[in-house]
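A quick write-up on the structure given underneath.
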Amino acid sequence: MGGGMGQRKGFKVTDAERKVRVGIAVEHLADLKKKTIIKFKLPEGEDIFFQTRDGIPIRAEDEFLGLPAQTLLIWVRKGERAETDAEILYRTIREVNFDFLTTGEKVAEFFTEQMKSNVYSLAKVLKEMDDDKAKASTKEGDPDWFQGVESRAKTKEEYMFRRSQDRIKKYFYATKDDLLKNRDLPAERVHELCATLSAALKDARYFGAYFDRRDAAAMCTPHGDFQCQGRWDAPACRYRLAHVINPYRSYEERIVFQTWNLDHRIERSRCIIPAIAHALDADARLDCERIFEDLFTDHNLKLVHIVCHDKTAHTPPDFNRYIKLKS
């Protein structure tokens, strides 16, 4: 592992509201936490963690050491999260808030005109961008696309692969946290289940292929076009012509793609977690394969435009869904 003694690296650190930004040079993640608490005058021992501007949590030392120097990191308290660049942009679109606009010339031109506060007009602007740029893969071929990319990814495909992994990892850690905070559940069995899911995810490479246009399992075309798959209860998107995006084409489109959701048909928090908890509480034999499939695979996940992301309750939980019948 890198980052030995004397190998300090500088980072930019800000709070969730991005009002204050300071430079901090450290060797390890623990050093960063300690110095951040001091710099931001937080109570000693405050439980904080860090995320990138794309919303990627930095939980482990190897993840931290792999970040390039001068990466912007946002500190948040436990149980909280900061808005990503994409969420700020989407809020900008809805509220027509010119002060937040920092996302490039094309989008700046778009905001100088009278417009409707929705994403359809933005989609039109994005579609007018040079489609030939989408074919480029490396930083040399399309340097503008790599603005703000805080990773060691050498190609667009590698970057998108990791962003897909990040979304799946987020579901894993959220599931683990939700189960562990339920004190009524047997902690040993929760850890055993999480270890099983973690091993299977590693074997599947955390489904990075979903956003990697080189892979046959990708949710996009080989060119990089993603089509909204429609609301959780619909066979297809009702806005098929409008809800298409190619994050490989431009920096702006890459940012806006972060507002698209990998949405669970069978909801994770309202259905999957309660059903797992019921099976654990009943000391039943768990159907780990089905849990894995529902949490992380496209059997239960749909890629949807933010307009098609229905946040209301989908269906009532099936509490016996993950109880494996004895043969």
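The values are calculated or read from the model by the stated rules, or taken from the named source; none is laboratory data. Note that the structure is predicted; figures quoted are calculated from it, not measured. Every residue, glycine among them, receives a Cβ derived from its backbone with ideal geometry; neighbour counts consider all protein chains shown. Calculation scope for accessible area: heavy atoms of the full protein, side chains included, ligands and nucleic acids excluded. Shrake-Rupley method; radii C 1.70, N 1.55, O 1.52, S 1.80 Å.
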Any hit, segment 196-214, residues being closer than 17 Å to A275 by Cα and open to solvent by less than 40 Å² (accessible area, probe 1.4 Å): yes
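So, in segment 318-327, how many residues would count as being part of a loop (DSSP other than H, G, I, E, B) and at pLDDT 85 or above?
Residues of segment 318-327 part of a loop (DSSP other than H, G, I, E, B): 318-322, 324-327.
Remaining after also requiring at pLDDT 85 or above: 318-322, 324.
Within segment 318-327, residues that are part of a loop (DSSP other than H, G, I, E, B) and at pLDDT 85 or above number 6.
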Residues located in segment 154-195, provided they are among the acidic types (D, E), buried (at least 17 other Cβ atoms within 10 Å of the Cβ) and under 13 Å from A277 (Cβ atoms): D178
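Restricting the search to segment 29-79, which residues are over 24 Å from K176 (Cβ atoms) and without any contact (Cβ under 8 Å) to a residue 60 or more places away in the chain? Quick ask: steps written out before the conclusion?
Step one: filter segment 29-79 for residues over 24 Å from K176 (Cβ atoms), giving 31, 34-44, 53, 68-72.
Answer for segment 29-79, where residues must be over 24 Å from K176 (Cβ atoms) and without any contact (Cβ under 8 Å) to a residue 60 or more places away in the chain: D31, K34, K35, T36, I37, I38, K39, F40, K41, L42, P43, E44.
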Any pair with Cβ under 9 angstrom, 6 or more apart, that starts in segment 293-314 at a residue that is more than 11 Å from N261 (Cα to Cα) and in contact (Cβ under 8 Å) with a residue 40 or more places away in the chain and ends at one that is open to solvent by less than 50 Å² (accessible area, probe 1.4 Å) and among the small types (G, A, S): F296/A200; F296/A204; T297/A204
Boolean, R183 is under 19 Å from V256 (Cβ atoms) and more than 22 Å from the chain's Cα centre (by Cα): no
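Please go through segment 144-188 and pick out each residue that is in a helix (DSSP H, G or I) and among the hydroxyl-bearing types (S, T, Y).
Applying the first criterion (in a helix (DSSP H, G or I)) to segment 144-188 yields 144-146, 156-180, 187-188.
Within segment 144-188, Y159, S164, Y171, Y173, T175 qualify.
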Selection from segment 235-274 of residues that are touching a residue at least 12 places away in the same chain (Cβ under 8 Å), in a loop (DSSP other than H, G, I, E, B), open to solvent by less than 50 Å² (accessible area, probe 1.4 Å) and not aromatic (F, W, Y): C237, A242, H243, N246, P247, R249, S250, I266, E267
Any hit, segment 259-268, residues being of a type in the set (S, T, Y) and at pLDDT 90 or above: no
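What about Y159, is it touching a residue at least 24 places away in the same chain (Cβ under 8 Å), hydroxyl-bearing (S, T, Y), in contact with a helix residue (DSSP H, G or I) (Cβ under 9 Å, 6 or more places away or on another chain) and under 30 Å from P143 (Cα atoms)? Talk me through it step by step, then tell me what you get.
Numbers: touching a residue at least 24 places away in the same chain (Cβ under 8 Å): no; hydroxyl-bearing (S, T, Y): yes; in contact with a helix residue (DSSP H, G or I) (Cβ under 9 Å, 6 or more places away or on another chain): yes; under 30 Å from P143 (Cα atoms): yes.
Answer is no for this residue.
Which ranges mark the helices (runs of 4 or more DSSP H) fully within segment 43-140 that have 1 or more residues being in contact with a helix residue (DSSP H, G or I) (Cβ under 9 Å, 6 or more places away or on another chain), at pLDDT 80 or above and surrounded by fewer than 17 Cβ atoms within 10 Å (Cβ to Cβ)? Let's see the steps before the verdict.
Details: elements: 61-65, 85-95, 105-111, 119-127.
In segment 43-140, the matching helices (runs of 4 or more DSSP H) lie at 61-65.
Scan segment 76-88 and give yes if some residue there is within 28 Å of W260 (Cα to Cα) and either in contact with a Leu (Cβ under 8 Å, 6 or more places away or on another chain) or hydroxyl-bearing (S, T, Y) (or both), otherwise no. Explain how you work it out, then say what you get.
Taking segment 76-88 first, the residues within 28 Å of W260 (Cα to Cα) are 76-88.
Subset that is either in contact with a Leu (Cβ under 8 Å, 6 or more places away or on another chain) or hydroxyl-bearing (S, T, Y) (or both): 84.
For segment 76-88, residues within 28 Å of W260 (Cα to Cα) and either in contact with a Leu (Cβ under 8 Å, 6 or more places away or on another chain) or hydroxyl-bearing (S, T, Y) (or both): present.
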Verdict on E150 being out of contact with any helix residue (DSSP H, G or I) (no Cβ under 8 Å at 6 or more places or on another chain), closer than 22 Å to R53 by Cα and at pLDDT 95 or above: no
Count - residues of segment 289-317 that are modelled with pLDDT under 90, assigned to a helix (DSSP H, G or I) and open to solvent by 60 Å² or more (accessible area, probe 1.4 Å): 1
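In segment 195-218, how many residues are assigned to a loop (DSSP other than H, G, I, E, B) and in contact with an Asp or Glu (Cβ under 7 Å, 6 or more places away or on another chain)?
As a first pass, look at segment 195-218 and keep what is assigned to a loop (DSSP other than H, G, I, E, B): 204, 212-218.
Within this subset, residues satisfying the condition of being in contact with an Asp or Glu (Cβ under 7 Å, 6 or more places away or on another chain) are 212-214, 218.
Qualifying residue count for the region: 4.
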